[in-house]
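The values are calculated or read from the model by the stated rules, or taken from the named source; none is laboratory data. Since this is a predicted model, take the numbers as computed values, not measurements. Every residue, glycine among them, receives a Cβ derived from its backbone with ideal geometry; neighbour counts consider all protein chains shown.
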Amino acid sequence: MLKKTGSASVTAEWALLKPIITTGASELRNQNQEFQMNRIVLSLFIILLGCQQNTSQVEKQSPSTQDYSDWHERALFLAGLPTSRAFQERPDIAKILKLPHYQDHVRQMNAFWTSVDRKRVAPMTAWWRAELSPRMDGIKTDTALYPLSGGDLLNFKLIYPDAKRYVMIAMEKPGRMPDPSSMTDPQLQEGLYSVRKMLGNIALTGYFFSRWMNWYMNPEKYGFFGTLPTVSVFLVRLGHRIETVDQTCVNEEGKLVTESVNPCYLPGYRIGFMDGNTGEEKELFYHSTRIDNALFSDSTARGRYIHSLGNVAVMMKAAVYLFHRSAHQEGARYLLEHSEVIVQDDSGIPYRSFKPDQWDITLYGTYRYPLPGMGVYPQQDLIRAYSQGSEHLPFAYGYGPKTAAKASGLMVAFSK
């Protein structure tokens with residue numbers, strides 16, 4: 001279920017520990033021994049408190065002595081975070097870490113994340129705890145689906161922090177995240193620059209410009225390209241640990257495989273990671289494909305894979321009004337029939353498609369018009385619904401001029 005799971009409280013652990021320590025203390029013979037026992041008690045209590053802290057905070061403070069996967073090390077490097085001591089002490093890596101342009105990259109990435117944490121992570125987390133988390137008890141699915149995601153793992157993970165499986169679908173290339181030492185210095189500089197441009201895009205607007213993705217995310221000349229670097233940076237900056245990365249295909253039977261097959265439908269990757277907040281092992285899948293009706297048809301290999309996901313929790317953001325168009329109605333119908341909850345802006349599934357007897361809808365923020373130039377008209381029924389009142393939205397969920405005007409809106413729909 002997409003419901004948060006907390007660890008045992010410090011109070012409960014202390015209740016179990018106290019009788020053992022108290023019994024031991026009663027057997028001590030002098031004040032000095034008692035003093036030593038008190039010091040032991042205090043130390044154990046501090047250890048218990050420390051065990052409750054988010055591992056990401058520890059990871060960000062200093063180099064770790066533990067073994068990380070190569071993928072995690074590369075993601076930390078790209079994110080401008082301290083890697084493990086073993087990685088830093090590699091002669092080829094040590095040389096790169098001293099380069100002025102990499103040190104500047106670290107400064108810019110830290111400044112970027114300070115802005116993202118203040119404008120997006122903190123308010124979205126608080127909103128999720130107050131608005132979404134209390135309503136997730138009835139959700140049975142563990143799978144979250146994000147059509148037209150690009151590399152936006154940030155918003156996806158914040159909207160559904162407790163999913164066990166994340167599935168992202170977009171046209172952008174899966175990409176590569178090579179070892180930094182395998183790249184020439186010009187390649188490295190261009191690759192780091194492309195990563196900063198894409199992540200700075202999120203810091204500025206909360207979504208990816210399609211034009212910027214074509215310029216900075218897709219070209220292979222940058223070395224780091226596609227969605228994999230961006231997604232990986234978001235994972236480690238949010239405090240999660242990358243364990244494995246596998247290239248994936250969907251074969252002709254519609255089954256996901258981690259081997260090269262021909263034809264390869266939905267080329268992409270699987271990231272196995274440990275959630276830094278819960279310690280759970282989770283999976284993230286990215287699939288590169290055009291989104292059309294055939295993607296949701298069980299008569300195609302791609303569609304059979306989508307059907308195998310079962311019921312899902314859906315997120316859509318800056319979805320270019322794709323499911324407003326008649327050529328994509330089968331996709332909209334599939335999502336409505338297989339979603340337990342849908343979180344979206346007005347560019348997702350049209351408001352008129354949500355039947356009142358089938359969906360419980362809460363509106364946040366505001367809505368007056370669609371993004372100009374997209375060939376769609378204002379949803380008059382959605383305008384009327386907003387005129388009857390909406391809840392406060394403490395973060396921007398819009399796009400284009402809506403983000404600049406802080407006039408974005410969000411809709412949360414739970415299936416009845």
Can you spot a residue in segment 142-151 that is assigned to a helix (DSSP H, G or I), in the same structural domain as residue 198 (by TED's automatic domain parsing) and either under 18 Å from the mean Cα position of the chain (by Cα) or closer than 23 Å to residue 179 by Cα (or both)?
-> no
Identify, by number, the condition in (1) surrounded by fewer than 22 Cβ atoms within 10 Å (Cβ to Cβ); (2) without any contact (Cβ under 8 Å) to a residue 40 or more places away in the chain; (3) more than 30 Å from residue 83 (Cβ to Cβ); (4) not hydroxyl-bearing (Ser, Thr, Tyr) that residue 306 doesn't meet.
-> (1)
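Counting just the residues of segment 121-151 that are at pLDDT below 90 and either at positive phi or among the charged types (D, E, K, R) (or both), which one comes out surrounded by the fewest Cβ atoms within 10 Å (Cβ to Cβ)?
Taking segment 121-151 and keeping what is at pLDDT below 90, we get 137-138, 150-151.
Then keep just the ones that are either at positive phi or among the charged types (D, E, K, R) (or both); that gives 137, 150.
Numbers: 137: 9, 150: 27.
The selected residue is 137.
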Among the listed residues 303, 279, which satisfies the condition of being at pLDDT 95 or above and assigned to a loop (DSSP other than H, G, I, E, B)?
-> 279
Within the set of pairs 6+ apart or on separate chains, which have a first residue in segment 70-87 that is on the phi > 0 side of the Ramachandran plot, a second that is surrounded by fewer than 18 Cβ atoms within 10 Å (Cβ to Cβ) and hydrophobic (A, V, I, L, M, F, W, C), and C-beta atoms under 8 Å apart?
-> 80/106
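When only residues in segment 239-257 that are of a type in the set (D, E, K, R), surrounded by fewer than 18 Cβ atoms within 10 Å (Cβ to Cβ) and assigned to a strand (DSSP E or B) count, which is nearest to the chain's Cα centre (by Cα)? Step through it out loud before you land on a result.
Residues of segment 239-257 of a type in the set (D, E, K, R): 241, 243, 246, 252-253, 255.
Still in the list and also surrounded by fewer than 18 Cβ atoms within 10 Å (Cβ to Cβ): 243, 246, 252-253, 255.
Those still in the list that are assigned to a strand (DSSP E or B) too: 243, 246.
Details: 243: 16, 246: 18 Å.
Of everything passing the filter in segment 239-257, 243 is nearest to the chain's Cα centre (by Cα).
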From the set of residues in segment 326-360 that are outside any helix (DSSP H, G or I), over 24 Å from the mean Cα position of the chain (by Cα) and touching a residue at least 24 places away in the same chain (Cβ under 8 Å), which is farthest from residue 155 (Cα to Cα)?
-> 357
For residues that are of a type outside the set (Gly, Ala, Ser), over 16 Å from the mean Cα position of the chain (by Cα) and not in a strand (DSSP E or B), tally how many sit in segment 258-276.
-> 6
